[in-house]
Amino acid sequence: MKFIHIADMHFDTPFTTLNAKGNFGKIRRLDQREIFKKIIEYIKQNEIKYFFISGDFYEHNSIRKSTIEYINNLFKEIPETKIFITPGNHDPYIKNSMYSDFYWNENVKIFTSKIEIVETEEADIYGVGFDNFYCENLNVENIQIKNKNKINILITHGALNASDKLQLQYNPISKNKLKQIGFDYVALGHIHKPDYCQEPNQNIVYPRFYNFNGI
């Protein structure tokens, strides 16, 4: 099974510090678009069937409709790829959000705060996302795998092994409890470090911008 897992693109971030130095904020936003286009091209060229986006895909308070249209048009270029998005703390699934109000392409599945399972021929894909800018518990640790004879994948946004007061507000998840549940791959977002709490051959992953993976 081949898939791509990305997180924390933060489309349309204001880049206030860069803007103070000139036109660098605009340049950085254009760079984001170019990086994402390259990911779509990779998916197209390599016939990747699954694309996981684990939250903070965009900035709720500054996202432009034109940016979402740009993204969705790229999604239309890969109609055979199933795209799964779990909203995070910067792009929660709330009233008037782009997730709830925009008409996304039919190959896009956006998870809400209710845990769902999408059953495909190759895998059962579990997903749950933020419905607010803060979320102390999405009940991820209470998931029970339905069919252990299949590949089971979890897509969510949250703070793995959180200990400080700030991170405990962003869906804290115990790594040990995730291991006990038995997912074959956990596609996380929120921490911008690919080696965060990492071990050799680890299957609980935070990517940095984008990360090509396959099982």
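Just so it is clear, none of the values below were taken in a lab; they were calculated from the coordinates. Since this is a predicted model, take the numbers as computed values, not measurements. Reconstructed Cβ throughout: ideal geometry from the backbone, glycine too, with neighbour counts over all protein chains shown.
Near the amide H of HIS5, within less than 5 Å, lie the amide hydrogens of PHE52, ASN211, ASN213, all on another chain or at least 5 residues away, with H placed in the peptide plane.
At a Cα cut-off below 12 Å, give the aspartates and glutamates reachable from LYS37, other chains included and same-chain residues fewer than 8 away excluded. Excluding near neighbours in sequence, the set is GLU77. Take the alpha carbon gyration tensor of the stretch 34-119, find the square roots of its eigenvalues, order them as a ≥ b ≥ c, and report rounded if a/c is under 1.5; if not, report prolate when a/b exceeds b/c, else oblate. Verdict is oblate for the stretch 34-119.
The phi torsions of the stretch 95-104, fed into the Karplus equation with coefficients 6.51, -1.76 and 1.60 and a -60° offset, translate into couplings of 4, 6, 7, 5, 5, 8, 9, 8, 8, 7 Hz, rounded to whole numbers, with Gly and Pro shown as x. Around the amide H of ILE151, modelled in the peptide plane, lie the amide H atoms of ASP124, all under 5 Å away and 5 or more residues distant in sequence or on another chain.
What is the local net charge at ASP124, summed over the other residues whose Cβ is closer than 11 Å to its Cβ (Lys, Arg +1; Asp, Glu -1)? Net of charged neighbours comes to -2.
Taking +1 at the Cβ of each Lys and Arg and -1 at the Cβ of each Asp and Glu, which of ASN105, HIS157, LEU30 sits farthest along the dipole of the chain towards its positive end, judged by Cα position relative to the Cα centre? Going by the charge dipole, the pick is LEU30.
Backbone geometry of the stretch 54-65 corresponds, through the Karplus equation with coefficients 6.51, -1.76 and 1.60 at θ = phi - 60°, to 3J(HN,Hα) couplings of 9, x, 6, 5, 9, 9, 3, 7, 9, 5, 9, 4 Hz, x marking Gly and Pro.
Summing charges over neighbours of LYS146, with a neighbour being any other residue whose Cβ is under 9 Å away from its Cβ, gives 0 when K and R count +1 and D and E count -1. When DSSP beta bridges are restricted to pairs lying wholly in the stretch 2-208, around 15% turn out antiparallel.
Summing charges over neighbours of ILE85, with a neighbour being any other residue whose Cβ is under 10 Å away from its Cβ, gives 0 when K and R count +1 and D and E count -1.
Residue exposure proxy: ILE155, ILE125, ordered by other Cβ atoms within 10 angstrom of their Cβ from fewest to most, comes out as ILE125, ILE155. How far apart, in nm, are two points set 7 Å out from the Cα along the Cα-to-Cβ line at LYS148 and at TRP104? For the pair LYS148/TRP104, the computed spacing is 3.1 nm. Residues whose amide H falls under 5 Å from that of LYS109, counting only those 5 or more places apart or on a different chain, are ILE83, PHE84, ILE85, with hydrogens built in the peptide plane. Computed about the Cα centre, the dipole magnitude for the chain is approximately 340 debye when only Lys and Arg (+1) and Asp and Glu (-1) carry charge, each at its Cβ. Here is the P(r) of the chain: all C-alpha pair distances, binned every 5 Å from 0, give 1, 7, 15, 20, 21, 17, 11, 5, 1, 0, 0, 0 in whole percents.
Computed from backbone phi with θ = phi - 60° and the Karplus coefficients 6.51, -1.76 and 1.60, the 3J(HN,Hα) list for the stretch 140-154 is 4, 5, 9, 5, 10, 5, 6, 9, 6, 7, 10, 6, 10, 10, 10 Hz; x is used for glycine and proline.
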